[in-house]
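Take a look at the structure set out below.
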Amino acid sequence: MKTNFGFWRRLGLIFLVVVLLAAIYVLITVTSVSGAREAAEETRAALRQQGFKTDLAEFDFTVPSDQRGFELSLNGSTFRPGIAPFEPATLPVPVGSNSALVVWHEDFIKCGGEDIRWADFAASVSAQEPLFLAARDEALAHPIKFSLEANRGSAMLLPHLSQLRHVSLAFSCGVIADLHEQDTAEAWTNLLATTRLVTAWEPEPSQISHLVRFALATMAYEATWQALQTNAWSDAQLAGLAREWNGVDFFKNLPESIAFQRASVVDMCRREREEPFSATLTDLLKDMMRSPGSAPQMLKAYWSQLRYHSEGTYVDEKDLLLFYRDREVDVRQRLQAPTWEAMRSMPAVTNQAVFKSKYPSRMQAFMNLRAMPMAMSRSGGGLLGGAAESEGRRRLILTAVALERFHLRHGKYPASLQELVPDFLKTPATDFMDGKPLRYQLGEDGRFLLYSIGLDCVDHGGIIPPRAFANVASRGMGLIGGPGPSGDIVWPRPASAGEVTAFHEQELKARRQQTDRATEMESEHYWDRTARRQGSVEKTLAASTTMARDLDFNGRPLSEILRNKNASGTNALTLTEMLSLRQVITGAEPETVTFEAPISYDALTNVGSLALYIDSLEDDGSEEGCGVGQMECSRATNGDCLLAWNTIFETPGKHALLMGVELNDPNAREVIVGPASAVVVSNLCQFSISSATFDNATGASLRARLPEMRCDYSIDILNTKGERVKTISGSTSDGYINAFWDLMDQRGRKLADESFNTVFHLKLPESGRTQTLRGP
């Protein structure tokens with residue numbers, strides 16, 4: 001036996017390298033760690049002397065139990081925002097260039113892109129009501145406070161933020177529902193509660209908490225706009241609403257939030273040092289022995305981790321103390337500026353600094369992750385930008401309330417905002433963005449437009465950027481004045497009747513176009529699939545020569561269970577005979593072809609169902625597989641099964657048709673089918689499945705594919721009584737019928753029936769063939 005000298009030599013070299021590394025580490029680290037620790041401690045002491053908070057112990061977010069009424073009112077309640085798609089419900093939808101839709105005036109309320117009946121919307125709001133009544137009472141009566149654990153720093157739990165948003169949605173949706181029902185007392189109560197979520201809550205010094213407050217301010221702004229589109233409020237009510245908004249300061253505690261961030265990240269550095277070093281020398285030796293060639297990289301990585309754990313955390317601590325000191329100083333300086341225009345001229349506001357560690361550490365990864373949610377807000381100026389936008393909305397609300405009070409007293413709106421001073425405003429209504437008066441225009445109809453120039457400090461004339469209905473993600477991100485830092489913040493005028501009509505017509509046109517594109521794609525896919533499937537007709541007919549395999553079902557042969565003794569008497573039919581197609585003439589041909597199966601309908605319903613398969617038994621990857629387009633199984637007078645097959649959705653020509661039974665037993669995965677039979681569909685066109693349904697709002701699209709390019713047609717539309725309500729005539733030269741019906745009858749009346757029937761009169765000039773066909 002030979003000694004593996006090479007192995008022991010490598011092991012010895014690795015051991016010597018590790019010993020040398022340890023010696024170097026001891027010599028260098030002791031002095032460097034000591035120096036880094038002293039530098040961090042000196043920096044901390046210097047900042048404390050200058051009045052900066054550096055430790056979590058300097059923050060106390062606890063609240064006495066007798067002041068936690070609102071918080072306690074939320075505990076134990078499971079808010080259910082999913083009961084109804086409330087998100088876009090309170091949004092003043094832009095209608096004209098500077099006008100918006102008063103949603104509670106509408107016949108329907110749009111939620112999640114769909115028209116919802118008011119009764120359904122009100123029912124959803126009522127379902128939420130028991131969950132937020134206690135919270136509403138507390139919000140109206142006391143300051144809103146939450147007791148939090150500041151000593152947890154960045155890991156501090158903030159469950160109340162999502163609860164606040166849910167409650168605000170419930171309150172603001174209550175405003176809309178109450179206004180529609182003309183319950184002004186409840187509407188006003190809910191509006192005040194929506195407002196109090198902003199005015200009675202001073203958020204803890206956390207960036208996300210401030211952002212949530214800004215979002216709540218936007219939601220309150222939208223609800224207030226909706227509420228002020230009625231003259232139901234007294235001067236005392238309006239004055240009380242103004243008092244709520246007068247005392248709000250969105251910039252307060254922004255420096256404190258940076259101080260809390262500083263203390264939190266410094267605490268993370270301390271925790272990093274106190275955690276046991278995860279990598280051990282034993283693990284390092286094992287890894288190096290398994291892969292000696294990677295030893296240098298392993299040593300380098302180990303050295304880097306060890307150095308950060310002992311020294312780098314102190315270096316990061318010092319750098320973070322100074323980084324957040326500079327951020328706090330910057331913010332305090334910006335807050336001295338009287339306008340956003342002055343603030344934004346200072347680079348640190350819009351060009352936010354990013355902390356960069358000298359080490360590839362978990363701290364750097366955490367800082368990067370923390371910066372991601374702030375990316376969107378930084379594009380608008382970060383927290384300062386959000387506060388500025390909320391301040392702009394606050395001033396618009398105060399001015400709009402003053403305008404309504406002026407209107408209440410004088411029966412008209414003023415020619416200029418200066419007329420509001422001093423009776424309704426103590427000082428002139430100025431725009432926080434540039435310090436100039438808020439932009440105000442009084443229209444010929446006596447309604448007004450009011451706006452701020454927004455974060456970009458450019459006057460766009462109060463034009464609302466055209467856009468589709470806002471989605472959930474945009475809530476609280478500058479909705480009326482447009483998303484992001486550009487665009488004015490607009491208090492729009494209510495849309496006129498003509499604008500509303502034009503808006504709905506445009507909306508309906510867009511929906512019809514969208515629906516038409518979708519049905520066209522669906523129809524083409526369906527027709528292509530059925531045409532490809534028809535290509536395997538002969539193959540299916542030739543392959544279908546085997547007998548249907550009988551099987552035991554619950555201890556009895558399936559054929560015995562399904563046999564209709566009343567019809568077959570003592571004749572014992574095989575399962576193949578039961579599943580063989582036998583057409584019966586009903587007079588509904590050629591549109592509907594009916595087959596009778598000697599199978600007990602009553603017995604069948606207990607064990608499974610019958611199906612018709614066309615042209616192939618192989619799943620073609622579609623949701624329908626190889627089943628026919630439409631088929632209905634019913635009970636014959638003798639107890640047999642009748643299968644009525646609607647052929648208008650199949651390609652004209654020869655087909656292979658099979659009958660099968662699908663069992664309810666989940667263990668019986670096999671489909672039992674009978675022999676294939678050749679069936680010819682003699683229709684002159686093939687309808688799309690989408691033609692079988694219609695939308696009450698957008699109308700009906702009738703699509704069919706023809707065997708020839710040219711066709712003259714007329715379509716009689718009948719109600720369920722068989723009365724003709726409309727005839728549509730036309731011709732085509734591309735081999736397709738694409739007829740649209742707007743649900744209007746011959747007299748121009750909109751019909752609201754749930755179903756209609758159609759009769760197609762077809763003439764193919766090329767071949768001279770004609771046919772009258774019952775359509776979908």
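Each reported figure results from applying straightforward, stated rules to the coordinates on display, with no laboratory input. Everything numeric in this text was worked out from a predicted model, so none of it was measured. Virtual Cβ from ideal backbone geometry, glycine too; neighbours counted across all protein chains shown.
Some points to look at:
- Full-extension gain in nm, E256 to A337, via 0.36 nm per residue minus C-alpha separation: 27.4 nm
- Nonlocal amide H pairs with C641, under 5 Å, H built at 1.01 Å: A597, I599, Y601, A636
- Violating pairs (Cα-Cα greater than 25 angstrom) within the set K252/K318; K145/K426; K654/K763; K110/K436; K252/K356: K252/K318; K145/K426; K110/K436; K252/K356
- Candidate aspartates and glutamates - alpha carbon under 13 Å from K509, same-chain residues fewer than 8 apart omitted: D742
- Near-label residues of the stretch 134-149 by backbone N, under 15 Å of a point 7 Å along Cα→Cβ of T62: 146-149
- Label-point separation, A46 to D445 (7 Å along Cα→Cβ), nm: 6.4 nm
- Spin-label pair K721-I208: with each label point 7 Å from Cα along the Cα-Cβ axis, the two points sit 6.2 nm from one another.
- In terms of surrounding Cβ atoms within a 10 Å radius of their Cβ, F503, F52 rank from fewest to most as F503, F52.
- Using alpha carbons only: equivalent-ellipsoid semi-axes of the stretch 687-774, gyration tensor based, whole Å: 24, 13, 11
- Amide hydrogen neighbours beyond the local backbone of I144, cut-off 5 Å, H modeled: W201, E202
- E106/R710 FRET efficiency (R0 30 Å; Cβ-Cβ; nearest 0.05): 0.10
- GluC sites (Glu not before Pro) restricted to DSSP loop in the stretch 669-776 with at most 12 other C-beta within 10 Å: E670, E723, E754, E766
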